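Everything on this sheet refers to the single structure shown next.
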There are 2 protein chains.
Amino acid sequence: MDDVARRAGVSRALVSLALRGSDKVADSSRRAVLAAADELGYRPNLAARNLASKQTRTIGLIINDLHNPYFPGIADGAHDAVGRFGYRLLMNSAFLSPRDEIAAIEMFIDLQVDGVILTGGMASSKAIEHAARAVPMIVVSRPLPSSLLDTVNNDDYLGSTMVVEHLIALGHRHIAHISGGPAAGAPQRLAGYEETMRAHGLERHVEIGAFTEVSGVAAAQRILASGRAVTAIFAGNDLSALGVLDVLDAASRAVPDVISLVGYDNTSVAALRHIGLTSVEQQRHEQGELAVSLLIERIEHGRTESVQRVVTPTLVVRGTTAPPPP
Amino acid sequence: MDDVARRAGVSRALVSLALRGSDKVADSSRRAVLAAADELGYRPNLAARNLASKQTRTIGLIINDLHNPYFPGIADGAHDAVGRFGYRLLMNSAFLSPRDEIAAIEMFIDLQVDGVILTGGMASSKAIEHAARAVPMIVVSRPLPSSLLDTVNNDDYLGSTMVVEHLIALGHRHIAHISGGPAAGAPQRLAGYEETMRAHGLERHVEIGAFTEVSGVAAAQRILASGRAVTAIFAGNDLSALGVLDVLDAASRAVPDVISLVGYDNTSVAALRHIGLTSVEQQRHEQGELAVSLLIERIEHGRTESVQRVVTPTLVVRGTTAPPPP
DNA sequence: CTTCACTGTTGAAGCGCTCTAATCATTGTG
DNA sequence: CACAATGATTAGAGCGCTTCAACAGTGAAG
């Protein structure tokens, strides 16, 4: 920076101001500084800048599982929003391990990021709240009520009722649900299913599974083995729906002619033509954007009371749902 | 840090040494420092540490496209290796934009990371080489020969010959290839296909596409429309294979009974039971690990001559390949 | 005893920036 | 023409750590 100052014939302080676009720098000096910096190939050292200014204009995003096609949409939204606010994004993954998840949060805190977005995740709420004391934090796609942090979630209950209403409107009466058990959002989806079925006076049929392909396979096999005349299956998420799809295929139950199938999350796999799974879009892009703007409120306007935002999902109808056979 | 020093009854310098596990700290002092740090909940400021020590023990990983299921495997490998070397990983995405890709690299340089791993990517080799002058860099899964950086790639030529040999061994003679055009690795896969076909005296049938689902759809339609008696299709990657699968399905050409289909990359989608696509595993975990250790060689042992490592792929046979119909 | 070689510890000088308060230059005002 | 007001610039302290050279303290060797 001294070199740039010398070359531009100004002081180091002015170089600092000019480079950050201060309006109290004369146009002539600004041009001289910019030219000198360019000629010297000067790039400011962020560590020094962060240290001196005590802020990084950086937001840390922790992706729970890189292999899960659900999360990239959130990252996209965050990326777009962050750019608008003049911040930058730094990412890390929890690599599906609560240990690594906490390590990622702590690393961001040590790096002095201005805020942290945590997606999904399995770390204990105690550990997360502890971290939230050290940095503005928002948890996305995991219902985690806390007075210390904000949350953004899709309305899983509503999304679930939309699925069931769709199936009922098609004429289905025997609809089974494969629940994700205790996984994030699963209880809400289960509740939506149960309430809607009850409201329509229909009998419920729930299999407890998980949000994985194999659990979908197992649950589908149990449903077939039960002998009950199910005409539609509402899987807790897309991945388990794919497991179901495979079982139905192997058992020669045509989808959707004999059995309709619905997933949840509207992941890229569901959108593949060859799969064409009816699913629920959680507005991930919007969730990501919302997370950033809520974080900025805390960072720049010092908000401290916690906010829980809910986003409205939409049903994406594809080829796996149709009226039941006569 | 001063607080910790005071509480432990030592100097700040010794706190620094103790916290970093120096062996020239008396056990008693070390315990005192650790206890004091713990009681005070002290966490060192990384910006300050990086600034003072001029190293970050951090490696930056740039994922070309978060939506592409190919990349997480590399990240996993890098994550594992980085831990073994006592470094930490920081990630960013190129969000499929050459602009953002360069921005991500520059951000890492500004943050003074010790090394950068670039996966895939579309930035110009000139821009990448320019960045490689500022920080040790390695490019993974993109053939980019340069004396300024290292590369790790899967042997696409070999993988491609393995696919063709597999199909020929099954009895296929009329094998079409859908090329990824100029995409990373595509020319090598094309060459492997052409050479192997030629070596066996078989006629080649190449459709130029891209590494996307829609391009697979278009190419498959062209193949069917050509009227040539193709019994096997080797798609350039899994995604385009899925497009092919859908077209074959719609045209009632049973896979693999009538037509065999092979992809490339062995992504998680190929592994889904319902898809079960025969594909080529690029040893992504190994590529990620290798990238880190090559980077460490540059960082810690000052290696400057460039290294190009090639990893041997393996064929993963699943349900989409079988002997051709009689 | 003195000397020497360690081991353990510390004071102080930076690392490369930002930011406050002070200074300098210029213009407008009475 | 002095003076205030405004705008542009700068000196220098400081951010929280590392690191180097210097310094005690200790026990072995002479």
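The values are calculated or read from the model by the stated rules, or taken from the named source; none is laboratory data. All of these numbers come straight from a predicted model, not from anything done at the bench. Glycine also receives a Cβ, built like all others from the backbone with ideal geometry; neighbour counts cover every protein chain displayed.
Listed here are the residues, each with its yes/no results for (1) over 30 Å from B:Leu295 (Cβ atoms); (2) near DNA strand C (Cβ under 8 Å from one of its atoms); (3) outside any loop (DSSP other than H, G, I, E, B).
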site: B:Asp23; (1), (2), (3): no, yes, no
site: B:Val33; (1), (2), (3): yes, no, yes
site: B:Arg43; (1), (2), (3): no, no, no
site: B:Ile62; (1), (2), (3): no, no, yes
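All but one of (1) within 16 Å of DNA strand D (Cβ to nearest atom); (2) modelled with pLDDT of 95 or more; (3) hydroxyl-bearing (Ser, Thr, Tyr) hold for A:Ser28; state the number of the condition that does not hold. Against the list (1) within 16 Å of DNA strand D (Cβ to nearest atom); (2) modelled with pLDDT of 95 or more; (3) hydroxyl-bearing (Ser, Thr, Tyr), A:Ser28 comes up short only on (2).
Just one residue in the set B:Gly120, B:Gly83 is buried (at least 20 other Cβ atoms within 10 Å of the Cβ) and away from DNA strand D (no atom under 16 Å from the Cβ); that residue is B:Gly120. When A:Ala94, A:Ala8, A:Ala35, A:Ala26 are screened for being surrounded by 19 or more Cβ atoms within 10 Å (Cβ to Cβ), small (Gly, Ala, Ser) and over 25 Å from B:Asn45 (Cβ atoms), only A:Ala8 passes. Among the residues of region B:79-119, those identified as facing chain A (nearest Cβ under 7 Å), touching a Ser or Thr at 6+ places or on another chain (Cβ under 8 Å) and part of a loop (DSSP other than H, G, I, E, B) are B:Leu111, B:Gln112. Among the residues making up region B:294-309, those that are surrounded by 16 or more Cβ atoms within 10 Å (Cβ to Cβ) and among the hydrophobic types (A, V, I, L, M, F, W, C) are B:Leu294, B:Leu295, B:Ile296, B:Ile299.
Yes or no: A:Thr196 of a type outside the set (D, E, K, R) and touching a Pro at 6+ places or on another chain (Cβ under 8 Å)? Against the criterion (of a type outside the set (D, E, K, R) and touching a Pro at 6+ places or on another chain (Cβ under 8 Å)), A:Thr196 does not qualify. Total residues in region A:4-21 satisfying the condition of being under 42 Å from the mean Cα position of the chain (by Cα), near DNA strand D (Cβ under 8 Å from one of its atoms) and not aliphatic (A, V, I, L, M): the figure is 1. The sole residue among B:Gln221, B:Gln188 that is surrounded by fewer than 21 Cβ atoms within 10 Å (Cβ to Cβ) and in contact with a Phe, Trp or Tyr (Cβ under 7 Å, 6 or more places away or on another chain) is B:Gln188.
Among residues of region A:42-70 that are within 17 Å of A:Leu111 (Cα to Cα) and touching a residue at least 60 places away in the same chain (Cβ under 8 Å), those with a beta-carbon under 7 Å from a residue that is away from DNA strand D (no atom under 13 Å from the Cβ) and of a type in the set (Asp, Glu) at least six positions away or on a different chain give the pairs A:Ile59/A:Asp114.
Can you name the residue in region A:38-62 that is more than 8 Å from every other protein chain (Cβ to nearest Cβ) and β-branched (Val, Ile, Thr) and is also surrounded by the fewest Cβ atoms within 10 Å (Cβ to Cβ) among such residues?
Looking at the filtered set, the residue picked out is A:Thr58.
State whether one or more residues within region A:303-316 are modelled with pLDDT under 95, under 25 Å from A:Leu89 (Cβ atoms) and not charged (D, E, K, R). For region A:303-316, residues modelled with pLDDT under 95, under 25 Å from A:Leu89 (Cβ atoms) and not charged (D, E, K, R): present. The strands (runs of 3 or more DSSP E) falling completely within region B:232-326 that include 2 or more residues that are among the small types (Gly, Ala, Ser) map to B:232-235.
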